[in-house]
Amino acid sequence: MAPGLVDPAVPSERTRSLQTVTEHYDDTLRFYLNGTKVVLETIDPEITLLEYLRGIGLTGTKLGCAEGGCGACTVVVSQFNPTTKKIYHASINACLAPLVSVDGKHVITVEGIGNVKNPHPAQERIAMGSGSQCGFCTPGIVMSLYALLRNEKNPSELEIEEAFDGNLCRCTGYRPILDAAQSFSAQRSCAKSKLNGGGGCCMENGKESTGDGCIGNSDGDVPVKKFAPPGFIAYDPDTQLIFPPPLIRHQPKPLAFGNKRKRWYRPVTLKQLLEIKSAYPSAKIIGGSTETQIEIKFKAMQYTASVYVGDITELRQYAFKDDHVEIGGNIVLTDLEEICLKAIEHYGPVRGQPFRAIHKQIRYFAGRQIRNVGTPAGNLATASPISDLNPVFVASNSVLVAKSLEKETEIPMSQFFKGYRTTALGPDEIIAKLRIPLGSERGEFFRAYKQAKRKDDDIAIVNAAFRVSLDESFNVRSVDLVYGGMAAMTVVAKHSVAYLKGKNWTEPSTLEGAMSALEDDFDLRFGVPGGMATYRKSLAFGFFYRFYHEVISELKAGKMHLDEDARTEIERAISWGKKDHAATQAYEQRVLGKANPHVAAMKQCTGEAQYTDDIPVQKNELYGVMVLSTKAHAKILSVDASPAMDLPGVVEWIDHRDLPNPEANWWGAPNCDEVFFAVDEVFTAGQPIGMILASSAKHAEAGARSVKIEYEELPAIYTIEEAITKESYFPHYRYINKGDVKGAFEKADHVFSGVARMGGQEHFYLETQACVVIPKPEDGEMEVWSSTQNPTETQSYIAQVTGVQANKVVAKVKRLGGAFGGKETRSIQLAGICAVAANKTKRPVRCMLNRDEDMITSGQRHPFLARWKVAVNKDGKLQALDADVFCNAGWSQDLSGAVGDRALSHIDGCYLIPNVHVRGRLAKTNTVSNTAFRGFGGPQGMYIAESYMEEVADHLGLPVEKLREINFYKPNEITHFNQALKDWHVPLMYHQVLEEADYGARRESIEAYNARSKWKKRGLAIIPTKFGISFTAIFLNQAGALVHIYHDGSVLVAHGGTEMGQGLHTKMTMIAAEALGVPLSDVFVSETATNTVANTSSTAASASSDLNGYAIFNACEQLNERLAPYRAKFGKDAPLKDIAHAAYFDRVNLSANGFYRTPDIGYVWGPNTGQMFFYFTQGVTAAEVEIDTLTGDWTCLRADIKMDVGRSINPSIDYGQIEGAFVQGQGLFTIEESLWHRGSGQLFTRGPGTYKIPGFRDIPQEFNVSLLKDVEWENLRTIQRSRGVGEPPLFMGSCVFFAIRDALKAARKQYGVTDVLSLQSPATPERIRVSCVDPIIKRAYVEPQEGEKSFFISI
């Protein structure tokens, strides 16, 4: 089919029949939005609910991923639930929901529940509790909490913690959000609760409710007394937005609407649905749209006729029968959860075993937003090989009832799946219901299992459901072992099933024989699609091993060989934590040092905070979509944009020919080695070739897909190891050489060597790269709103690509929805391309990247590899370090040189090593150009340091905690780059954490636990950090500020830093308020712009508060000097309004331009002279983990963090930065893994479906944070004597990694393996499991055949 030509939505041969069926259907949508009735008669059939909401100006609901994986788009849809016969307030993903799905329902967005002046209690508590940093995810989190509160008047702590399983946040570390949300829990909100100063609520005292406590009266006659934290709005469930009465009486009508490209049908009876399927069998059936919308968005699938079936009451019923439960195919998974619990209660726990298994699988199936719309029928029809429910349906011998207009067919689930994504369902059939048999009263056992990268809201790596029926002698009558993730479809382990029949379950030989049979069932090859061959086999074996022993434990025989520890899985407790809120009391001032909330938190919680893509659409605006290379390395033979130009809505094609000259195509800092548009050759998949401009995002996307590009592929390099072999490096080379390294190695008692390897990390800021460029009619002027950390560089390169001077370009930033370094340079690419487009068309151009586009174009944290050699004496004193350090820079240098440099400067960790020679190289590969990321090489350098410390300690047989203490720097000792350590507090904090965390006693307890536990092992680690604060490029250590005082006494502050959630504007307003003696509420920061503060440095390196804070202070000092006579005249307590008024009439300048540059620094590479950093931020963290060595699953039981941040400007902001950085670091070193697809050379992990960041239930179960206090900072010459805090705590997350390593050592020691473990980062569940040495993992091990390579590449 030619691009742009679309078949009619319904083929002509079917038209007459369909018209006959649907001629009486209505074509008007009717729903309520935030309490107001909406009637839509003209409807674009292709838009989602999110696109509709944002299109009408309700921009509080955000686009984060477009695949229902991050929760930023969460809204609440209130509806009468035909399954429960109650009104239910469903949190859903607006990015997936087709607009047709809200007909007859009430849509509630974040704007509908409150605003800054009158916030909802959920909005207020999250805002005031520091639960919002960048704020981009916050509206979705607020709406998830709101949905829970509407459905549960007295939610439990567990219900609250699980309410957010479909939401992600990259900034906060989740702890403050959970603390705010838990204030609504039944226990914590009871007026009688001990937590709230009462004598104890009925639950705490073990008494029955008197009707006036947290449990309340079940009849609802007695009002529930709710406790509101002091100063907060009380939450009253009875005063919420009502369900519109007309919707209670609403009778849904069948709908049909659309255009030539697409038509929607919404039947409301089963008969209507079957008539449509009979008339047009290929019509796409849509339930929750959780799979279909992803296919449309990311795979460009076109479904010209779609049928929404979510409002057919007959398909949402259930019934408890004598020997089975019948559930409608379209019952949503949330309701199925409740039905399962009712079934267990109704039939008892034995006969209800299949429903316990279903409930368990649903609990960890996606997030609540998906479970609120997803259905069993949708799950079955998509036939995913990793579906969590399908194995349960097969193992339980469920029967699927399919219906067509002519007949009803019963299909046993064992016969339903025919191959990859194919089923036995006929073309005109729909899944009407499922009949799930009950378990037998005696002798039957049923269990289900799942393992994923992340416990909550993650797709399975492998899942399984097992059923066995035993006779009275424990012989196997029947058995079903069903797996997902082991083949192209849900499969039965046939050899194992055949072997087990008739065998006596209690005989040890039965287990061994079944395991051997499983080897025949799952003989995976090394390069199997999906990868992880060894791990997947081990899970298949491990699940059965666990099931076998679970059954044994319930039998009266065979317990002599019961493996008790294998039975149980890791279960999390409710997380909690504490902070030292008294840490800053000793130095609190009128404003500074106090725990003020983020200045924009309330706006962020109410959806009023504006981000780049929230800027209203400009007149004549065009939308841009980049055309990206699909090859890792290739010559471009031809580019043909003409097919795109024929499509509706497409306006223009932009490429390198639209630049003022060829030189303008080059960009990059500090090395100009990258092009905005590829010309003759592409060096990575995802490199921009051009941009399509169209009247809408959808038209632009269609146009971009239609551009034809021919390539000639060239050899590509992906990994550091390949680059080393082929000597593929960038010219940048650095070294630090101190002392006599060679002599130290010759004299030392021991010399040990090893390799440290760690992967990269995707930034996963919730707001993707975004830009709005507005050309002006005069002089080539251009206004650029960009989501960037670097307005000045944005300005400079836009001037270059448009051929004007920088003074004609104004780059502006209101706020960023997260950045973490990923918008320091990589934002320039998108802004530059959009500027070229705007310059050519003379029309405004907007572009916000999809999540997958962002991930394949914007770069990541650099993967590192180090080959180290350490000299150490018998007493544990380190003598020398020699290391070659390589980082994967990707295809261009970007900031890789500076990242490598910082790694070399942090490779000493916190340890004095007299003799050091370290060298750094940048590997040149054909992967995405890696870039700045929070820590900027520091975490990689310190990871290398702690790796060699761990391994050297193991070689010496010395506790690593002792080795660290022996080698800690002492105050004023000199680093390997010849800088004295002043205000050095790491040893002090190390001992404080050991004591406060009860480290010694817990170490003993863990050793005892590990001795008695076979499969669960616990580990403990304590890790220090020192992080140098300053840009290593000296010229960047400067800042300017502009402060205006107005007649009314209000103050406007402009500075060079951008607000991206780190609280920079909050701290800057506090500094100005303190300096000028005004209330904090009188100081305002509007935006960051290059026409107010010029020549700014990027907001990075944890130095922005230091630099911009002192620049603001400098400006305020100038103003105070000018106003001093008026303060003397009017008195020191006179309001600034009176002083400013008088000064103005005396013609005194009420504006001041401040400036600051960091003194003393100026390191010289090579000679190893000069001061590299202004100071070091320090910290120490202890962490304890528990791992399940049978599956690789793990949890962090506790973390205790202590940071030296000097005199904190705002402890709330600093605590938020510490918690957020720690959890981001925990992700870096554990679950976050970037993988490339070997066959295509493209990034595979390009969205929340495949790339996992920590979620709400991944944080430490006990999460304690404190700030160092009761010390003097004699040498710290920063504003307020504070230390930078954005980046330094990130490395503290590695403590979890090293605790996992500690647990693995215990697991290996159990089997007599005591050699030194070299554990690569990240410690994913796969890596944890394959690092074990038990017999199960050994029999699962898959060796590559000659020439065989892995399916994925880890670069």
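The values are calculated or read from the model by the stated rules, or taken from the named source; none is laboratory data. Fair warning: this is a prediction, and the values are worked out from it, not measured in the lab. Positions of Cβ are generated from backbone atoms using ideal geometry, with glycine treated the same way; all protein chains shown enter the neighbour counts. Each accessible area value is taken on the protein alone, full model and side chains, heavy atoms only, with ligands, DNA and RNA left out. Shrake-Rupley method; radii C 1.70, N 1.55, O 1.52, S 1.80 Å.
Quick check on my filter: what residues within the stretch 41-82 are over 19 Å from residue 369 (Cβ atoms), among the small types (Gly, Ala, Ser) and either in contact with a strand residue (DSSP E or B) (Cβ under 9 Å, 6 or more places away or on another chain) or open to solvent by less than 10 Å² (accessible area, probe 1.4 Å) (or both)?
none
Just one of the numbered conditions (1) touching an Asp or Glu at 6+ places or on another chain (Cβ under 7 Å); (2) open to solvent by less than 10 Å² (accessible area, probe 1.4 Å) is not true of residue 919; which one?
Condition not satisfied by residue 919: (2).
Would you confirm, using the coordinates I've provided, whether residue 1052 is without any contact (Cβ under 8 Å) to a residue 60 or more places away in the chain, open to solvent by 10 Å² or more (accessible area, probe 1.4 Å) and in contact with a strand residue (DSSP E or B) (Cβ under 6 Å, 6 or more places away or on another chain)?
Details: without any contact (Cβ under 8 Å) to a residue 60 or more places away in the chain: yes; open to solvent by 10 Å² or more (accessible area, probe 1.4 Å): yes; in contact with a strand residue (DSSP E or B) (Cβ under 6 Å, 6 or more places away or on another chain): yes.
The answer is yes for residue 1052.
Out of all the residues in the stretch 1279-1307, which are out of contact with any strand residue (DSSP E or B) (no Cβ under 7 Å at 6 or more places or on another chain) and either surrounded by fewer than 19 Cβ atoms within 10 Å (Cβ to Cβ) or more than 30 Å from residue 758 (Cβ to Cβ) (or both)?
Scanning the stretch 1279-1307 gives 1279, 1280.
Can you name the residue in the stretch 788-818 that is charged (D, E, K, R) and either in contact with a His (Cβ under 6 Å, 6 or more places away or on another chain) or within 18 Å of residue 610 (Cβ to Cβ) (or both) and is also most open to solvent (accessible area, probe 1.4 Å) among such residues? I'd like the intermediate steps shown before the answer.
Taking the stretch 788-818 and keeping what is charged (D, E, K, R), we get 793, 808, 812, 814-815.
Okay, now just the ones that are also either in contact with a His (Cβ under 6 Å, 6 or more places away or on another chain) or within 18 Å of residue 610 (Cβ to Cβ) (or both), so 812, 814-815.
Working: 812: 39, 814: 65, 815: 22 Å².
So the residue we want is 814.
Given 1218, 1231, which one is modelled with pLDDT of 95 or more, on the phi < 0 side of the Ramachandran plot and in a loop (DSSP other than H, G, I, E, B)?
1231
If you go through the stretch 554-572 one residue at a time, how many are part of a loop (DSSP other than H, G, I, E, B), open to solvent by 50 Å² or more (accessible area, probe 1.4 Å) and among the aliphatic types (A, V, I, L, M)?
Within the stretch 554-572, residues that are part of a loop (DSSP other than H, G, I, E, B), open to solvent by 50 Å² or more (accessible area, probe 1.4 Å) and among the aliphatic types (A, V, I, L, M) number 0.
Go over the candidates 1335, 1322, 1344 one by one and state the one that is open to solvent by less than 10 Å² (accessible area, probe 1.4 Å) and not hydroxyl-bearing (Ser, Thr, Tyr).
1322
Tell me, which helices (runs of 4 or more DSSP H) wholly within the stretch 308-372 include 2 or more residues that are in contact with a Gly (Cβ under 7 Å, 6 or more places away or on another chain) and of a type outside the set (A, V, I, L, M)? Reasoning before the result, please.
Working: elements: 333-347, 353-363, 368-371.
Fully inside the stretch 308-372 and qualifying: 353-363, 368-371.
Table: residues versus (1) under 24 Å from residue 546 (Cβ atoms); (2) polar (S, T, N, Q); (3) not in a loop (DSSP other than H, G, I, E, B).
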position	(1), (2), (3)
1284	no, no, no
1294	no, yes, yes
1308	yes, no, yes
1313	yes, no, no
1319	no, no, no
1326	yes, no, yes
1339	yes, no, yes
1343	no, no, no
1349	no, no, no
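Of the numbered conditions (1) over 23 Å from residue 93 (Cα atoms); (2) open to solvent by 30 Å² or more (accessible area, probe 1.4 Å), residue 277 satisfies every one except a single condition; which is it?
Going through (1) over 23 Å from residue 93 (Cα atoms); (2) open to solvent by 30 Å² or more (accessible area, probe 1.4 Å) one by one, residue 277 breaks only (2).
Are there any pairs, at least 6 apart or on different chains, whose C-beta atoms fall under 6 Å, with the first in the stretch 1060-1085 and without any contact (Cβ under 8 Å) to a residue 60 or more places away in the chain and the second part of a helix (DSSP H, G or I) and aromatic (Phe, Trp, Tyr), and if so, which?
Every condition considered, the pairs that remain are 1075/1113.
When you scan the stretch 949-959, how many residues do you find that are more than 10 Å from residue 876 (Cα to Cα), touching a residue at least 12 places away in the same chain (Cβ under 8 Å), touching a helix residue (DSSP H, G or I) at 6+ places or on another chain (Cβ under 9 Å) and not charged (D, E, K, R)?
Summing the residues that are more than 10 Å from residue 876 (Cα to Cα), touching a residue at least 12 places away in the same chain (Cβ under 8 Å), touching a helix residue (DSSP H, G or I) at 6+ places or on another chain (Cβ under 9 Å) and not charged (D, E, K, R) in the stretch 949-959 gives 1.
As an exercise: evaluate residue 972 against (1) assigned to a helix (DSSP H, G or I); (2) under 22 Å from residue 876 (Cα atoms) and give the number of the one condition it does not meet.
Here residue 972 meets the rest and fails (1).
Find the residue count for the stretch 103-139, including only residues that are touching a helix residue (DSSP H, G or I) at 6+ places or on another chain (Cβ under 8 Å) and in a helix (DSSP H, G or I).
12
For residue 969, state whether it is of a type in the set (Ser, Thr, Tyr) and without any contact (Cβ under 8 Å) to a residue 40 or more places away in the chain.
Taking the combined requirement at face value, the residue does not satisfy it.
Rundown of residues vs (1) at pLDDT 95 or above; (2) more than 30 Å from residue 1195 (Cα to Cα); (3) surrounded by 22 or more Cβ atoms within 10 Å (Cβ to Cβ), yes/no style:
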{"site": "1011", "(1), (2), (3)": "yes, no, no"}
{"site": "1017", "(1), (2), (3)": "yes, no, yes"}
{"site": "1021", "(1), (2), (3)": "yes, no, yes"}
{"site": "1026", "(1), (2), (3)": "yes, no, yes"}
{"site": "1042", "(1), (2), (3)": "yes, yes, no"}
{"site": "1047", "(1), (2), (3)": "no, yes, no"}
{"site": "1059", "(1), (2), (3)": "yes, yes, yes"}
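Just one of the numbered conditions (1) assigned to a loop (DSSP other than H, G, I, E, B); (2) without any contact (Cβ under 8 Å) to a residue 40 or more places away in the chain is not true of residue 816; which one?
Every condition holds for residue 816 apart from (2).
Does any residue in the stretch 925-948 that is closer than 18 Å to residue 962 by Cα and free of Cβ contacts under 8 Å to residues at least 24 places away in the same chain come within less than 7 Å, Cβ to Cβ, of a residue that is open to solvent by less than 10 Å² (accessible area, probe 1.4 Å) and in a loop (DSSP other than H, G, I, E, B) six or more places away or on a different chain, and which pairs are these?
Matching pairs, first to second residue: none at all.
So residue 977 ticks every box in (1) open to solvent by 10 Å² or more (accessible area, probe 1.4 Å); (2) closer than 26 Å to residue 1165 by Cβ but one. Which box is left unticked?
With (1) open to solvent by 10 Å² or more (accessible area, probe 1.4 Å); (2) closer than 26 Å to residue 1165 by Cβ applied to residue 977, the lone miss is (1).
Under the condition of being closer than 16 Å to residue 176 by Cβ and not small (Gly, Ala, Ser), which residue from the stretch 585-598 is least open to solvent (accessible area, probe 1.4 Å)?
So, considering only residues that are closer than 16 Å to residue 176 by Cβ and not small (Gly, Ala, Ser), the one least open to solvent (accessible area, probe 1.4 Å) is 598.
Go through 497, 551 for me and flag whichever is of a type in the set (Val, Ile, Thr), without any contact (Cβ under 8 Å) to a residue 24 or more places away in the chain, buried (at least 17 other Cβ atoms within 10 Å of the Cβ) and within 30 Å of residue 441 (Cβ to Cβ). Outline the logic, then answer.
Numbers: 551 fails: without any contact (Cβ under 8 Å) to a residue 24 or more places away in the chain.
497 is the lone residue from the list that is of a type in the set (Val, Ile, Thr), without any contact (Cβ under 8 Å) to a residue 24 or more places away in the chain, buried (at least 17 other Cβ atoms within 10 Å of the Cβ) and within 30 Å of residue 441 (Cβ to Cβ).
What are the residues in the stretch 1132-1158 that are open to solvent by 100 Å² or more (accessible area, probe 1.4 Å), within 24 Å of residue 1279 (Cβ to Cβ) and modelled with pLDDT of 95 or more, if any?
Listed by number, the residues that qualify are 1153, 1155, 1157.
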